[in-house]
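Asks: Take a look at the following structure, please.
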Amino acid sequence: MNSSSAPPPYILRTPKGTLSPFVFAAPHSGRYYPPDFTARAILDSVGLRQSEDAFVDRLFKNVCDHGGTLLVATHARAYLDLNRAADELDPTMFSPRLAEEGLNLSHRVKAGLGLVPKVIAEGVPIYKAPLPAREAEKRITAVHTPYHQKLKQLLAERRERFGVAFLIDCHSMPTEGGKRRSKRRRGPDIVLGDSWGSACKRELTSAAEELFINADFRVRRNVPYSGGFSTIHYGKPHDNIHALQIEISRSIYMDECSQTELPEFAEVQQTLVNASAQLIDRLSPRKQPFVRSRGLPRAAE
């Protein structure tokens, strides 16, 4: 990577007016593909973009007008997946091979979807040959560490100020075959993932579900996306930090084949932001007693 031309690892957008305890994050909508990365890849730019949560940062950019803070990753998901732990690495991808000791060989890693992805959608390989072993640490240091340090800092600051913090981790999900579904489509427009109730109090998930349904979206909980690393890692309801993942069907706002916005993009964007603004208002600390004493045992829910 040419560090002189590379963007910073994230872009932070803060409210112009009143601050709220809500932090929205877009870890997979980055559009920077380092030249040395693309030189090592088998796929062209169109192929590599298949793993992007394209335009998700733009869908949520206006939450800052309603008190939300927005953290946006700049580097492409195919280069480094920020919704993975720093130790979720496939040792076989590197030469010399990494030592397995200390690595988390999770099911995601075994599927080729670790911190440094081996494949994109449908198991298509990314690289021509094994990567130099130094690439793992290089990408972690340049992108993963600063992004997650900032996210951790934001949540800690919101909890300190408001007594509670909310993380809304924003993603998109592909449609089978990349085809736009008809109006009679089956399946959800939005999947809310709260790690089966462990990453946030049920009031957050229920409020989001109600507001998105009222906005005429088809909503499902936890299937097939219950939450990734960020939801599980940061969601600590017993510590007054609540995390909820939102997956938006790409078919409602973009053409997945041409990777361009649909004419309905602006409408979907406004509807999502309106629902998000209502969520921020509804769960404002002045209205909703979300705070609980830290250190108490978790209630069975």
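Values quoted throughout were computed directly from the atomic coordinates according to the rules given, and no laboratory measurement underlies them. Quick caveat, the model's predicted, so the values are computed rather than measured. Virtual Cβ from ideal backbone geometry, glycine too; neighbours counted across all protein chains shown.
Asks: Enter the Cα centre distance for the pair segment 119-156 and segment 1-57, rounded to the nearest angstrom.
Replies: Going from one Cα centre to the other spans 12 Å.
Asks: When a/c reaches 1.5 or more, the comparison of a/b and b/c decides; with that in mind, is segment 45-179 rounded, prolate or oblate per its Cα gyration tensor?
Replies: It is oblate, given that a/c is not under 1.5 and a/b is not larger than b/c.
Asks: Step through the table entries Lys118/Lys138; Lys110/Lys138; Lys16/Lys152; Lys118/Lys201, compare each Cα-Cα distance with 27 Å, and write down the pairs that go over it.
Replies: Lys118/Lys201
Asks: Still on this model: Quick one: Kirkwood hydrodynamic radius for segment 222-282, alpha-carbon pairs, angstrom, one decimal?
Replies: Taking the inverse mean of 1/r over all distinct Cα pairs, segment 222-282 comes out at 13.8 Å.
Asks: Could you work out the local net charge near Leu19, counting Lys and Arg as +1, Asp and Glu as -1, over the other residues with Cβ closer than 9 Å to its Cβ?
Replies: Around Leu19, the surrounding residues sum to +2.
Asks: Roughly what percent of Cα-Cα pairs across segment 33-105 reach past 15 Å?
Replies: Beyond 15 Å sits 68 percent of the P(r) for segment 33-105.
Asks: For percent of Cα pairs over 32 Å apart, several values are listed as (i) 30; (ii) 26; (iii) 20; flag the one computed from this structure.
Replies: (ii)
Asks: Can you give the net charge of the other residues whose Cβ lies under 15 Å from the Cβ of Ser29, counting K and R as +1 and D and E as -1?
Replies: Local net charge: -1.
Asks: Between beta-carbons, use under 10 Å as the cut-off and find the net charge around Cys170, counting Lys and Arg +1, Asp and Glu -1.
Replies: Cβ neighbours under 10 Å give a net charge of -4.
Asks: If I model a spin label at Glu267 and Val223 as a point 7 Å from the Cα along the Cα→Cβ vector, what separation in nanometres do I get?
Replies: 3.0 nm
Asks: Dipole of the chain (Lys/Arg Cβ +1, Asp/Glu Cβ -1, origin at the Cα centre): which of Leu211, Asn83, Pro96 lies farthest to the positive side?
Replies: Value: Leu211.
Asks: Can you tell me the length gained on complete extension of the stretch Thr18 to Glu100, counting 0.36 nm per residue apart and subtracting the Cα distance?
Replies: 24.8 nm
Asks: So what are the ³J(HN,Hα) numbers for segment 155-162, from phi and the Karplus equation (6.51, -1.76, 1.60; θ = phi - 60°), rounded to whole Hz, Gly and Pro as x?
Replies: With coefficients 6.51, -1.76 and 1.60, one gets 5, 5, 5, 5, 5, 5, 7, 10 Hz.
Asks: Give the shape of segment 1-54 as rounded, prolate or oblate, defined through the alpha-carbon gyration tensor: a ≥ b ≥ c are the square roots of its eigenvalues, a/c under 1.5 means rounded, and otherwise the shape is prolate if a/b is larger than b/c and oblate if not.
Replies: It is oblate, given that a/c is not under 1.5 and a/b is not larger than b/c.
Asks: Further, regarding this structure: How high is the relative contact order of the chain, given as a whole-number percent (alpha carbon pairs under 8 Å, six or more residues apart)?
Replies: 20 percent
Asks: Roughly what % antiparallel, to the nearest 5, for the DSSP beta bridges in the chain?
Replies: Taking every DSSP beta bridge with both residues in the chain, the antiparallel ones total about 35 percent.
Asks: With runs of 4+ DSSP H residues as the only contributors, calculate the mean residue ellipticity of the chain at 222 nm using -39,500 (n - 2.57) per run, divided by the residue total and rounded to the nearest 500.
Replies: After summing the helix terms and dividing by residue count, I get -7500 deg cm²/dmol.
Asks: Sticking with this one: Helix 202-214 against the longest principal axis of the chain: what's the angle in degrees, Cα atoms only, rounded to the nearest 10?
Replies: 90 degrees
Asks: Something else about it: What is segment 35-135's relative contact order, in percent, from Cα pairs under 8 angstrom and six or more apart in sequence?
Replies: 32 percent
Asks: How large is ³J(HN,Hα), in whole Hz, for each residue of segment 224-234 in order, when computed from phi with the Karplus curve 6.51 cos²θ - 1.76 cosθ + 1.60 and θ = phi - 60°, using x for Gly and Pro?
Replies: Once rounded to whole Hz, the list reads x, 10, 8, x, x, 4, 5, 4, 6, 6, 8.
Asks: Using the Karplus curve 6.51 cos²θ - 1.76 cosθ + 1.60 with θ = phi - 60°, what ³J(HN,Hα) values do you get for each residue of segment 12-25, in whole Hz, with x for Gly and Pro?
Replies: Coupling constants for segment 12-25: 10, 10, 10, x, 7, x, 5, 7, 10, x, 8, 10, 9, 10 Hz.
Asks: Let me ask you something else. Over all distinct alpha-carbon pairs, what is the Kirkwood Rh of segment 102-141 in angstrom?
Replies: Hydrodynamic radius (Kirkwood, Cα pairs) of segment 102-141 is 11.1 Å.
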